[in-house]
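First the structure, in the form of structure tokens, and then the observations on it.
The values are calculated or read from the model by the stated rules, or taken from the named source; none is laboratory data. These numbers were taken from a predicted model, which means no experiment stands behind them. All Cβ positions, glycine included, derive from the backbone under ideal geometry; neighbour counts span all protein chains shown. Note: accessible area is taken over every heavy atom of the protein model, side chains too, but ligands, DNA and RNA are not part of it. Shrake-Rupley method; radii C 1.70, N 1.55, O 1.52, S 1.80 Å.
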Amino acid sequence: MSLLGGALAALRGRRRDVPAAPLPDADDDRALVRAIIDGSQPAFAQLVQAHQRTCAHVIGRMVGDRDQVADLLQETFLAVFRQLHRFRFESSLRTWVSRVAYTTALQYLRRRRLEAQWMVAVDVPEELGVGDEGPGPAELSEALQAGRQLGAALERLSAPQRLIVGLHYLEDFDLAEIEQVTGLPRGTIKSHLYRARQTLKQELTRRATAGELL
């Protein structure tokens, strides 16, 4: 089976008999990229396994259609496979792969003539407000990880806010990495995070008052 065929099989979750081979350390981007370029099917399967959750998050938040996520994930990793030789290690591998996912989703929106709606939602003033901005980063991260009935609260956020909140608090991307993934200015990212925390505070306060939070 070809390297690409094996990668797609891995993405679809089907097991294939492949020759056993030592795999690079999961944290060694250079060794992993080198092994894939040299033709290692298990190495590419390892890349897919390591990054498909984050890519699915990026795509799902952007396109808002769960039925499209699997197809766009496949497009993403096809693009990763074809472009990997161009990766210059100017960022982490996960940031670069996530950027490919972002671009793939943006191209989908463009084909559906929905890109303008996404860009309008992304475009917010960069000036931050003052005063209480809602749950602090540690508190929000803990709540998100614990899944404390925040599904409905998150749905009140704009799609870009849900994407940025998820990258920052669930995937542990710092602001510089989010900037690299999305191409958004740092101030715009901060503004989205600030507004998202305000919205979540309002929703969590409302639910606590109504006795909905455990």
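Scanning the stretch 97-120 for residues that are in contact (Cβ under 8 Å) with a residue 60 or more places away in the chain and not small (Gly, Ala, Ser) gives 99, 102. At least 2 residues that are open to solvent by 10 Å² or more (accessible area, probe 1.4 Å) and modelled with pLDDT of 75 or more in each: list the helices (runs of 4 or more DSSP H) lying fully within the stretch 132-173 that qualify. The qualifying helices (runs of 4 or more DSSP H) are 151-155, 159-165. Scoring residue 98 on the criteria (1) at pLDDT 90 or above; (2) among the polar types (S, T, N, Q); (3) open to solvent by 30 Å² or more (accessible area, probe 1.4 Å) leaves a single failure, condition (3).
What do you reckon, is residue 53 basic (Lys, Arg), more than 14 Å from residue 163 (Cα to Cα) and surrounded by fewer than 19 Cβ atoms within 10 Å (Cβ to Cβ)?
Working: basic (Lys, Arg): yes; more than 14 Å from residue 163 (Cα to Cα): no; surrounded by fewer than 19 Cβ atoms within 10 Å (Cβ to Cβ): yes.
The answer is no for residue 53.
Can you pull out the residues in the stretch 103-113 that are open to solvent by less than 70 Å² (accessible area, probe 1.4 Å) and either closer than 15 Å to residue 69 by Cβ or out of contact with any helix residue (DSSP H, G or I) (no Cβ under 8 Å at 6 or more places or on another chain) (or both)? 104, 105, 106, 108, 109 - these are the residues of the stretch 103-113 that are open to solvent by less than 70 Å² (accessible area, probe 1.4 Å) and either closer than 15 Å to residue 69 by Cβ or out of contact with any helix residue (DSSP H, G or I) (no Cβ under 8 Å at 6 or more places or on another chain) (or both).
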